[in-house]
1. At 0.36 nm per residue, minus the direct Cα-Cα distance, what do R102 and N83 gain on full extension? Give it in nm, one decimal, please.
2. Students often check this: by mean Cβ neighbours within 10 Å, which of 20-26, 10-16 ranks highest, and how do the rest follow?
3. Residue by residue, what Karplus-based ³J(HN,Hα) values in Hz, rounded to whole numbers, does the range 57-68 have, using 6.51, -1.76 and 1.60 with θ = phi - 60° and x for Gly and Pro?
4. May I ask you to give the percent of accessible area on the chain that is carbon plus sulfur, with a probe radius of 1.4 Å?
5. Can you give the relative contact order of the chain as a percent, counting alpha carbon pairs under 8 Å and 6+ residues apart?
6. Filter the trypsin sites (Lys or Arg not before Pro) in the range 2-62 down to the DSSP loop ones having no more than 15 other Cβ atoms within 10 Å, then list what survives.
7. Among the chymotrypsin sites (Phe, Trp or Tyr not before Pro) within the range 53-113, which fall in a DSSP loop and have no more than 13 other Cβ atoms within 10 Å of their own Cβ?
8. Using each residue's phi in the range 9-24, evaluate 6.51 cos²θ - 1.76 cosθ + 1.60 at θ = phi - 60° and report the 3J(HN,Hα) Karplus result to the nearest Hz, with x for Gly and Pro.
Amino acid sequence: QVQFVESGGGLVQPGGSLRLSCGASGSFFSVATMAWYRQAPGKQRELVTSITSGGYTNYADSVKGRFTISRDDAKNTVYLQMNSLKPEDTAVYYCNKDPPIRAYWGQGTQVTVSS
């Protein structure tokens with residue numbers, strides 16, 4: 001049974017930083033391309049960033065230069081360092097494989113950027 005558990009969200013002022021974590025169960029992790037997604041109120045869920053098993057990363061234009069994805073295969077964990085946060089980054093953030101597996105969506109973690 002695969003399970004993703006996201007944590008680290010919260011309320012932060014514009015320009016602030018947060019670091020999200022996603023722990024994964026299952027033996028697939030070290031060979032999987034992992035990703036962070038987000039869903040803002042009234043919008044579709046979107047891909048934010050991904051990282052391959054070899055460490056190659058890709059970012060949505062809206063977060064390039066501000067967000068950094070990383071992974072620790074020994075801990076089955078993927079991270080998202082978010083800097084220079086903007087109100088438009090407000091969303092529920094999820095991790096999953098890339099492409100995502102519908103059955104693997106977790107509860108996500110809420111990120112709210114507001115003064």
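The values are calculated or read from the model by the stated rules, or taken from the named source; none is laboratory data. In this text, all values refer to a predicted model and were calculated from it rather than measured experimentally. Reconstructed Cβ throughout: ideal geometry from the backbone, glycine too, with neighbour counts over all protein chains shown. We work out accessible area using only protein heavy atoms, side chains counted, and drop any ligands, DNA or RNA first. Shrake-Rupley method; radii C 1.70, N 1.55, O 1.52, S 1.80 Å.
1. 4.0 nm
2. Values: 20-26: 18.1, 10-16: 13.1.
Ranked by mean Cβ neighbours within 10 Å, highest first: 20-26, 10-16.
3. So the J values, rounded to whole Hz, are 10, 9, 10, 5, 4, 5, 10, 4, x, 10, 10, 9.
4. Its accessible area is 46 percent carbon and sulfur atoms.
5. Values: 267 pairs, mean separation 42.8, N = 115.
About 37 percent, as a whole number.
6. Values: sites: R19, R38, K43, R45; in loops: K43, R45.
The qualifying sites are K43.
7. Numbers: sites: Y56, Y59, F67, Y79, Y93, Y94, Y104, W105; in loops: Y56, W105.
Here the chymotrypsin sites (Phe, Trp or Tyr not before Pro) that fit, given the DSSP loop and packing criteria, are Y56.
8. With the stated coefficients, the range 9-24 comes to x, x, 9, 9, 7, x, x, x, 10, 9, 10, 9, 10, 9, x, 10 Hz.
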